[in-house]
Amino acid sequence: MALISVSNVSLGYDAGIIAKDINLEINNGDYLCIVGENGSGKSTFIKTLLGFQRPLSGKVIFGEGLRKNEIGYLPQQTSVQKDFPASVWEIVLSGCQARAGLRPFYNSDEKKMARENMKRMNVEEFAGRCYRQLSGGQQQRVLLARALCASRSLLILDEPVSGLDPKATADMYEAIKKLNDEGVTIIMISHDVNAAVRFATHILHMRSNPVFLTKEEYKNSDLGKCYLAVEP
Amino acid sequence: MTGSIATYFEYPFVRYAIIVGMLIALCSSLFGVTLVLKRFSFIGDGLSHVAFGALAVASVINLTNQMILVLPITVGCAILMLRAGQNTRIRGDAMVAMVSVGALAFGYLIMNLFSTSTNLSGDVCTTLFGSTSILTLTSEDVLLSAILSVAVVAVFIIFYNKIFAVTFDEGFAKATGTNAGGYNLLIAVVISVVIVVAMNLVGSLLISALVVFPALSAMRICRSFKGVTVFSAVLSVSCAFAGMITSIVAGTPVGATIVMVDIAAFLVCFVTGLAARR
């Protein structure tokens, strides 16, 4: 059974449908990129996967024992975070929140896990540093480490490279690719169609009638050709 | 001067008042950090005006224990304002302005219309700016404030990690199954308790200062959430202590004196923060 199967899902708000009839299956180890124009429903789709809002119709089914709180999520940065006084250690550890449940404090397993994930994302040297003093790329890696504390198997990333310089962007893609190679399933919103076809295994192109294809199919489709041609 | 302070301390009610003052300063600073970081400072301000309105109603209908009325009304408005923050039809800040100014005007109006007191402007002044002297706090005030303060501190410690998670990144907290809405509600309720309790000490207009200044000062200096929390708590308690002693010795109003000390501490932290960044 698939990790997540989405059947006949339509997305939208009171005002109307944004995207209809989304059908797709995400399997363990997949790397799905969601592309499309602004307002096409990329973020709405992710919010639906995360359970923040209900689809207008259709179903999202989680399989293989994946529970709702086993999703690692990397949201877009908010203005609050940009001057938030918190150490890197505190932020990464907060990824274990779901694991701790109602227990007020973190136990040694959770602390160990936070340390391991910091090592994995190469941010352990910043543990005591203040988050707001890090560069954009470093901040994103810290948030990735936090997401990994929440889930070993599935990460949902909302434009993880927005606002990063080219070097940091390349590093970020590299880091995500490495996680995928280690078996982590990735679902990522991206504006960068070229990067999407380079790294992803599947593409979901959002529009009023969204298209879900494997990377190869997408490259050869008229839609894919059109978008890939536009990009530099 | 030390002699005269020592004389004051011989009276138990002075000691109690000082202890309560420090407890209030402690719990208002704890949640201040979250309020400032979540951009909710204005909710604290709005709530204090609501508490004033509720207090006016309570005194007009001659309730012996005004908390019975003031606390539920303030908590109710806190929930209302929090919900409005997420509502797009009336912007959150506009909603807060409406409720708070409305409550202030309503409170003053009914105090004028129905009050049986001979010293109306004195009463109004006390509710807005706090007791002219901490020595006028009654022993019930002291006991109730102490109980509520201890409860607030306990809630903060138990939910410390949740509060951090929800303050730093609500989206992530929600995605990982933390009941963010529930904790926001908890924060709003506790804030209203703090405001109602602190009203005795500094009055409704000055509460925001007690909530906001220690947090802002600590944010100039500290680099971790724990650091900011601890520093602002220590700073707030010391400022409250210094302010209360000064007000006893110099005979100045308690609330205003404490706020002045808080402002002075903020300026020191601000300059230190600038110097450290160089």
Considering the range A:94-108, residues that are more than 8 Å from every other protein chain (Cβ to nearest Cβ) and not charged (D, E, K, R), and then whichever is nearest to A:Leu164 (Cα to Cα), we arrive at A:Cys96
Taking the range A:8-45 and keeping only residues that are over 17 Å from A:Ser190 (Cβ atoms) and part of a loop (DSSP other than H, G, I, E, B), one is left with A:Asp14, A:Ala15, A:Asn27, A:Asn28, A:Gly29
Expected output for the range B:158-176 (first residue more than 7 Å from chain A (Cβ to nearest Cβ), partner surrounded by fewer than 22 Cβ atoms within 10 Å (Cβ to Cβ) and outside any helix (DSSP H, G or I), Cβ below 6 Å, 6+ apart or cross-chain) is B:Thr167/B:Lys38
Counting only residues that are over 24 Å from A:Val161 (Cβ atoms) and at pLDDT below 85, the range A:19-47 contains a total of 1
**Asked** Would it be correct to say that A:Leu143 is in contact with a Phe, Trp or Tyr (Cβ under 9 Å, 6 or more places away or on another chain), within 14 Å of chain B (Cβ to nearest Cβ) and either over 27 Å from B:Arg223 (Cβ atoms) or touching a residue at least 12 places away in the same chain (Cβ under 8 Å) (or both)?
**Response** yes
Restricting attention to the range A:153-172, the residues that are touching a Phe, Trp or Tyr at 6+ places or on another chain (Cβ under 6 Å) and surrounded by fewer than 20 Cβ atoms within 10 Å (Cβ to Cβ) number exactly 0
Considering residues that are assigned to a helix (DSSP H, G or I) and not β-branched (Val, Ile, Thr), the number found within the range A:161-197 is 17
Expected output for the range A:109-132 (first residue within 14 Å of chain B (Cβ to nearest Cβ), partner surrounded by 14 or more Cβ atoms within 10 Å (Cβ to Cβ) and part of a loop (DSSP other than H, G, I, E, B), Cβ below 6 Å, 6+ apart or cross-chain) is A:Cys130/B:Arg223; A:Tyr131/A:Ala86
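Residue-by-condition table, conditions (1) free of Cβ contacts under 8 Å to residues at least 60 places away in the same chain; (2) among the charged types (D, E, K, R); (3) more than 17 Å from B:Val152 (Cβ to Cβ); (4) not in a helix (DSSP H, G or I):
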residue	(1), (2), (3), (4)
B:Leu186	yes, no, no, no
B:Val190	no, no, no, no
B:Met199	no, no, no, no
B:Leu216	no, no, yes, no
B:Met219	no, no, yes, no
Subset of the range A:198-217, residues over 17 Å from A:Lys42 (Cα atoms), over 16 Å from the mean Cα position of the chain (by Cα) and either among the aliphatic types (A, V, I, L, M) or not in a strand (DSSP E or B) (or both), comes to A:Arg198, A:Lys215, A:Glu216, A:Glu217
Going by the conditions given, is B:Ser217 within 14 Å of chain A (Cβ to nearest Cβ) and either surrounded by 17 or more Cβ atoms within 10 Å (Cβ to Cβ) or not small (Gly, Ala, Ser) (or both)? yes
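The values are calculated or read from the model by the stated rules, or taken from the named source; none is laboratory data. Just so you know, these numbers come straight off a predicted model, no measurement behind them. FYI the Cβ positions are ideal-geometry reconstructions off the backbone, even for glycines, and counts take in every protein chain you see.
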